[in-house]
Structures are given as C-alpha cells and as structure tokens.
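FYI, it's all coordinate maths here, none of it is from the lab. Please read these numbers as outputs of a predicted model, since none were measured by experiment. Neighbour counts are summed over all protein chains in view; Cβ atoms, including those assigned to glycine, are modelled from backbone coordinates with ideal geometry.
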Amino acid sequence: MSVALRTTGLGVRYRRADALRDCSLAVPAGRIAALVGPNGAGKTTLLHVAVGLLTPTSGEVSVPGRVAFMAQDKPLYDTFTVAEMLAFGRRLNRVWDQEYATARLTGLGIPLDRRTARLSGGQQAQVALTVALARRPDLLVLDEPLANLDPLARHDVMRSLMVEVAEQPLTVLISSHVVADLRDTCDWLIVLGGGRVQVSGDVDDLLAEHLALTGPAELVDTPPAGTRVVEASRTGRQARLLVRGAPVLDPRWSARPVDLEELVMAYLRSPQASALPALAAVRA
Amino acid sequence: MIWLTWRQHRAQILATAVLLTALGLLLLGSAVEAKLYIAEHAPPGCPGSAPACWDLARALADRYDAVYTVFGWMPIVAPALIGAFWGAPLLGREYERGTHKLAWTQSVSVRRWLAVKLAVLGALVAAAGLTLAAMVSLWRPVFHQEDFFGNPGVFNMVGVAPAAWWLYAFMLGTAAGTLLRRTLPAMALVVAVITLTTLTLYKSSDHYAEPERIVLSDTTVLSDADSRRVSDAWVDPAGRELAAPPSGVCPHPPDVGRGDRNQRAYERCMFGKGYRFAVYFHPPSRFWRFQWTEAALLTAASVAFAGLAVRRTLRRGV
Amino acid sequence: MIEFHLDHRSGVATYLQLVHQVKQALRLGTLRPGDKLPTAREVVDALAINPNTVLKAYRELEREGLVAGRPGLGTFVQRSIGGARLADQAALRRDLDAWVRRARTAGLDRDDMETLFSMAMVDCFREDTA
C-alpha cells in the first residue's frame, strides 16, 4: 500500500494556542479521504500544512507526488476570464494539461471568455477544480469544496469529481464539517477534534468495527467484555453505548450497526476517544 | 510570472502611463505657449534680471498658475497614489480575496512569485519617476525659473528624487498590505506615512551637509536666489553673532500691509552702525549631493520595507 | 442495461445496495448472461459515488461467480440466478410466513418483528465477516 500523504507528530502553534497537536496520519494512495471535524478543529490548518502553505511548528509532513489544492471559498482572480485562469495555471506550473482543462470546462458548458466574477457559485467551483486537476496531481486537497453551494451544484461538483477519480489514478483529501456530504463518496475517514486526530481508517472497516448497543441503565458502567466504549449515555432506564470491538454476547444488550454520522459524532463528543491504526500498520 | 504580473497590475501600469502622458502633454503645451508669449511680450533685454523683466515673470506666473498648482501637489500626491494603487493591493488584495492560497500553491515558489513582482513593478515605478523628472527638468527652464534646488517642491520633482520617492512609496504600500492584509486600511496607512515622511525629510534636509556661512555687510539677501537658507543672525561690530536682533540700536517700526520699507530702513541703519548679517545656507551647487542623500535615505527605507514584506510573506501564517 | 439507484435511509452500505440491485435484476431476468454492466465511470456519473464502491460491488459479484471482468472491455454477466434458487426462495418464504404468524400469535407487533429480524440479520452478517 503506497501512501499519498503522511504526517508524523505534526504540531502547529499560533501565538499561545495549539492549532494542531501531535497529528500522525496516513492516507493510502487511490483513496478518497474525508477530513471531518467541527469548525475550528484545525482542518484548514492541517490541509495548509499538507500543501505547503504553512510550516509546521513540529513534526513532519510528506507528500511523495504532486499535490494540487483548492482552498476554502474556491478563490479565483475575479477580474480574470476563465481562459485567463487557465493561462495562470499554464504559466505557473511545470505540468499542465491545457487540452484537458479546455475540454473539461467546455464539456461543463462554462464559457471561456466570461469573467470569473460573473460565473455562478457552482461554475466557479468547477473552474477552481479544473485549475487544480489540469496540473495532473497525484494528491488533490480540497478545503470545504461544497460549502456555499446549492444542493444541485453540490451534487454536480461531487459527481464530476468522482468521474475524475474513476478515470485517473488520484488520491483526494476533502475536508468538511458536514459528514452527510461525504457519506457516499469517501472511503477513508479522518476525524479531527480539538487539533488532534481521533480517527483515521478505512470507512467500511470502521463501520464494521463499531456497534451501537442498547441495554438496561445499570449496565452503563460495565460494558461487554472485548469492547472499548467510545461514548456512553443513559436516558431513564436505558443505557446507550457506542463501542468498538468484538461481537457482544451478553443477551441483555441489543446491538445494531452504526452509520458514518453516528460514528463521527460519538468520537467528537468524546475528545479522549480515538481509533487509530498502529503506526507500524500504517507504514506497511 | 511576467505575464501574471502584467495581467494583475496592468490597470495601474496603464493608468500611470496615461497620467504621465497627460502631464507630459500639459507641460509641453504650456512650454510652447509660454515661449510664444515671451517672444511676443518680452521687452528688449528680457528675460533677464533687470527690473523691467519682473513684470514679464509675474505675468507668466499668473498665466500658468493652474499648472503650478497641479505641480505643487505632485511631490506628495504622486507617491501617495503609487503607494496606494501599486503597493497596497500587491499583497493586501491577495490576502483579502484569499487568492494568495491559489497563487502560492502552484509550481512557482512564493519566493520567486514575490521576487518577480517586486522587481518588475519596482523597476517600472522607478522608470516612471525618472520619466517625470526628465519632463520637469526640460519644462522648468522655459520659465527662466532656475529653482531646482531652493524650491523643495521642484527639488523633489527632478533628478533621482521622484524615482526614489515612488519606489519608497511602492515598497511601503507592499509592506502595509502584508501587515494589514486588507487593501483599504493599507492605502490609508500609506497616505499617512507618506505625509509624515515628506515633513520629516523636509525638516531634516538642512542637515544633509554642514551649511556654509557668509557674512553680508550691505544686504540681507543672498545673491543666488536658488540657495537654501538655513538660518541667519546679526553680527555686532565686535564680530559676535547675536541670538536676537539687538534692541535700542535702530528704530524698528513694523511694516504695514505688504510693503517692506520700514524693514529696509532698519537694515540700512544697522549696516550704517557697523553691524553685519551672517547667513547659513546651502548653495545650489549641492544639488546632486542633496539628491543622492535623499535618494539613499529613501532607498534604504525601501529595502527595509521590501525585506519586511518578504519576511512576512515567507514566514507563512495563512 | 441496469440503472442503479440509492436509498440513503436504508442504512445498507452503498456497495451492498449495488450488489443487491444486480442480483435482483438477475432474478427478474432484466440482466442475462453476456450482458455488460455499466462501467464504474458511468455509475459514478449517475450517482456521484466513490468509484471504489462500484469496483468493490463488482468484485463481490465476481467472487460469487455472477459476473466476470474482461480487461479493457468491461464487466459481463456470467450466469443468472433462477431455477433452484427461486425454489429455495419459495421454501424460505414459507418458513418466514410461518414465523411471522407465530410471532403475531405471541403478541408481537410489526415494529417488534422488524427489530428482531434486523438484529438477527446483523448478528448473522457479523458472523460472516468475522
């Protein structure tokens, strides 16, 4: 398994506060990884370090291939025409696929002679995405690409991005504070809470490893053997647990699978909990 | 990168070129017209220093009052405009619109991006300043006003001063843009600092060199009108310089209105009693020395501001 | 040709939804041996899902011997589900009918039964993957 992005013990300090603390993670090549967490968790900081916009205070980041970045709010030069945005990409990059960029935008029905300020939000996102994709990156980093887009534009942007992934070897790292946006698209999950990496792993594995348990309230402090409690709560006479680990045998507990949103929320509500692969496993 | 620099800043570049051209035409037009006027109205022997020629000089001054007004403000307005429209947006606008995150994640390094922009735009700004200086140097003699040195307004429009001033304003604006990360506040800061710099340099220019001293025994006026007077004092018959004009030696009734008859009578009386008048001044021959001193000060400040902008940009806190 | 659709509220993993839809089409005869499944790109373009999910579904179908990938050409249906399988289904359905009647007599309502059924499904599939 080759790795498209690896960070080791990453820390970023702003004035007095830690924006990131001891972040170690790896995104395997070919994955579409979701970086989720509440606002202010350090997602943007982590992405900025990954693309080289920010120098970390401690730790290391390594990106073996070419990386392209689409920043939050999808910045474009608003006095440039779409064609001039492509000229910008062509002149500032060693690798640039002009034919692909033109074909992609024409295919999306975006006029090349229009000023970017006069495009719709969805079209602006597509132009920004094209400028990133035409660099033929190995790793594409997108910071909140769906924010400020209407539902139709969100779907279109995501759909066209998925088509790109289907057609070329590409690793994608997408940040979002809305988990639902990434449910069908991401196969790798990174949960960032309070500047720490809490979860990093394959989505299907994570969903298979976690269970939601319901049982009598008196059992809330004695979770079934072989499990690790991520989050525990009790309401009236019922205890609810979200656990990671082996199947539950105790008949007093009833179990059901968790969905991605539940899983993320449980971790974010329990800042001490984490589900990380051993570093050795990640290196393998 | 050159293309990007041109594309992003062509509005400023073209506007500056248009303004310089317009100013050039204005100067050319007024110079041609003034030549014709002089040819037509000058009494024999004029232009010259004869009193008969003063009327001509005054008539010319009245005629071109508007041109002089445009001109009088140039030394402070032009750098303010350069700083506000060339310097402040260079990084301020990138930060404001978030486009720095686009520009600085391409293959071209931030170092190169900034180096090309500062070098290309800095060179253009300096060239524009030199162009202005050349135009003014050609225009001013038409009016027989050899005041390149004595008049600080004109001094800052000729030689290397405009180039140094404009470069300073550009780098100041750039640094303000990185510090404030917003264009408008950076523009305001530029105007404030330019005003402050103008006043400071005006006050400190007397110290660019040790003033010369001359002791006059029949007049208080320097023979070369283009000199810069630093200070003056009466000298008593014993040769001591007096801090204040001596009282009780000659009557000194104040002049009424615009005349200076009483003042002149007072001076005649003082010289008659053996007093002399010492003047500390810079002669016009120091023109280039002052030009280069001012240019060196401004260029050093420009380098400091450029260094600040580069440092703030490379030590990335996004 | 099959057109996939997604049910977000079902809670069933996306790749499994694709697998089920192919199997259903095989049972109903809308897909027959030799038919070509849509390419990952086509599915992705329609559903805006991760292409790896489509590939995972196709691998699962391949593992069950229902489809086969031909490099450079696409994924083709190998065999249909029918005959014996449908007969099996009828027998299972009879068992399930009997179970539902028993549960009803025991006083369980619709929701109780659904809860029990899904719990049994969860346990059963976890044993599979474990």
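Side notes on the structure shown:
- In this simple spin-label approximation, A:R240 and C:T30 carry label points 7 Å from Cα along the Cα→Cβ vector, and these lie 3.6 nm apart.
- Once each of the GluC sites (Glu not before Pro) sitting in a DSSP loop with at most 15 other beta-carbon atoms within 10 Å is removed, chain C keeps C:65-130 as its longest stretch.
- For chain C, taking Cα atoms only, Rg and Dmax work out to 17.4, 57 Å respectively.
- Of the complete DSSP H runs in chain C, those spanning 27 angstrom or more by Cα along the long axis with a mean Kyte-Doolittle score not below -0.5 are C:110-129.
- Three principal axis extents describe the C-alpha atoms of the protein assembly as shown; from largest down they are 139, 56, 44 Å.
- Scaled to the globular estimate 2.2 N^0.38 Å, the Cα spread of chain A, given as radius of gyration, is 1.12.
- Remark: A:S160, A:S233 ranked as A:S233, A:S160, counting other beta-carbon atoms within 10 Å and listing the fewest first.
- Distance between modelled label sites at A:A103 and C:A46, nm, 7 Å Cα→Cβ extension: 2.4
- Karplus 3J(HN,Hα) series, Hz, for the stretch A:85-100 with 6.51 cos²θ - 1.76 cosθ + 1.60 (x for Gly, Pro): 4, 5, 4, 4, x, 5, 7, 9, 10, 6, 10, 7, 9, 5, 4, 4
- Computed [θ] at 222 nm, deg cm²/dmol, chain C (DSSP H ≥ 4; -39,500 (n - 2.57); rounded to nearest 500): -20000 deg cm²/dmol
- For the options C:L37, C:L16, C:L92, a Gaussian network treatment of chain C with springs between C-alpha atoms closer than 10 Å singles out C:L92 as fluctuating the most.
- Restriction of the trypsin sites (Lys or Arg not before Pro) in the stretch A:150-242 to DSSP coil positions whose beta-carbon has at most 12 other beta-carbons within 10 angstrom yields A:R237.
- Ellipticity estimate at 222 nm from DSSP helix runs (n ≥ 4, -39,500 (n - 2.57)) divided over chain A, nearest 500: -8500 deg cm²/dmol
- Shielding score for B:90-100, defined as the mean number of other chain Cβ atoms within 10 Å: 2
- Nonlocal amide H pairs with C:L31, under 5 Å, H built at 1.01 Å: C:L26
- Taking a straight Cα-Cα cut-off under 30 Å and skipping sequence neighbours fewer than 8 places away in the same chain, the lysines within cross-link reach of C:K23 are C:K36, C:K56.
- In chain B, the DSSP-assigned H stretches of four residues or longer account for a calculated mean residue ellipticity at 222 nm of -21500 deg cm²/dmol, using -39500 (n - 2.57) per stretch and the full residue count as denominator.
- In sequence order, the stretch A:192-197 has phi-based couplings of 10, x, x, x, 10, 7 Hz under the Karplus curve 6.51 cos²θ - 1.76 cosθ + 1.60, θ = phi - 60°, and Gly or Pro positions carry x.
- Sparsely packed loop sites in the stretch A:1-80 (the trypsin sites (Lys or Arg not before Pro) outside DSSP H, G, I, E and B with at most 11 other Cβ atoms within 10 Å) comprise A:R15, A:R16.
- Largest mean-square fluctuation among A:L105, A:L46, A:L146, in a Gaussian network model of chain A whose springs join Cα atoms under 10 Å apart, belongs to A:L105.
- Ordered by the number of other Cβ atoms lying within 10 Å of each residue's own Cβ, fewest first, B:S205, B:S223, A:S254 fall into the sequence B:S223, A:S254, B:S205.
- FRET efficiency estimate (nearest 0.05) - Cβ-Cβ, B:V120 to A:R115, R0 30 angstrom: 0.80
- Zero-based 10 Å bins, Cα pair distances in chain B, whole percents: 5, 21, 24, 21, 15, 9, 4, 1, 0
- The protein assembly as shown - share of DSSP beta bridges that are antiparallel (%, nearest 5): 75
- Span from the the stretch C:55-72 Cα centroid across to the the stretch A:40-88 one, whole angstrom: 38
- Here chain B is treated with +1 on each Lys and Arg Cβ and -1 on each Asp and Glu Cβ, and its dipole about the Cα centre works out to around 1880 debye.
- For B:V230, the residues 5 or more places off, or on other chains, whose built amide H falls under 5 Å of its own are B:Y280, B:F281, B:H282.
- About its Cα centre, the dipole of the stretch A:152-284 is roughly 560 debye, where the only charges are +1 on Lys and Arg Cβ and -1 on Asp and Glu Cβ.
- Along the axis of the charge dipole computed for the stretch A:205-272 (Cβ charges of +1 for Lys and Arg, -1 for Asp and Glu, origin at the Cα centre), the listed residues A:T222, A:A212, A:L260 are led at the positive end by A:T222.
- Take the Cα of C:D7, step 7 Å toward its Cβ, do the same at B:K35, and the gap between the two points is 9.4 nm.
- Counting every other Cβ atom within 10 Å of each residue's Cβ, B:I214, A:I190, B:I76 order from fewest to most as B:I214, B:I76, A:I190.
- Estimated FRET transfer efficiency when R0 is 45 angstrom, pair B:L179-B:A209 (beta carbons, to 0.05): 0.85
- Dipole orientation for chain B: of the candidates B:S204, B:V235, B:A265, B:S204 has the Cα lying most toward the positive pole (charges on Cβ; Lys, Arg +1; Asp, Glu -1).
- Loop-resident sites, the stretch C:1-48, for trypsin sites (Lys or Arg not before Pro), counting at most 15 other Cβ within 10 Å (DSSP): C:R9
- Helix B:2-41 axis, angle to chain B major axis (alpha carbon atoms, nearest 10°): 20
- Note on A:K74: lysines with a C-alpha under 20 Å away, same-chain residues under 8 apart excluded, are A:K43, B:K101.
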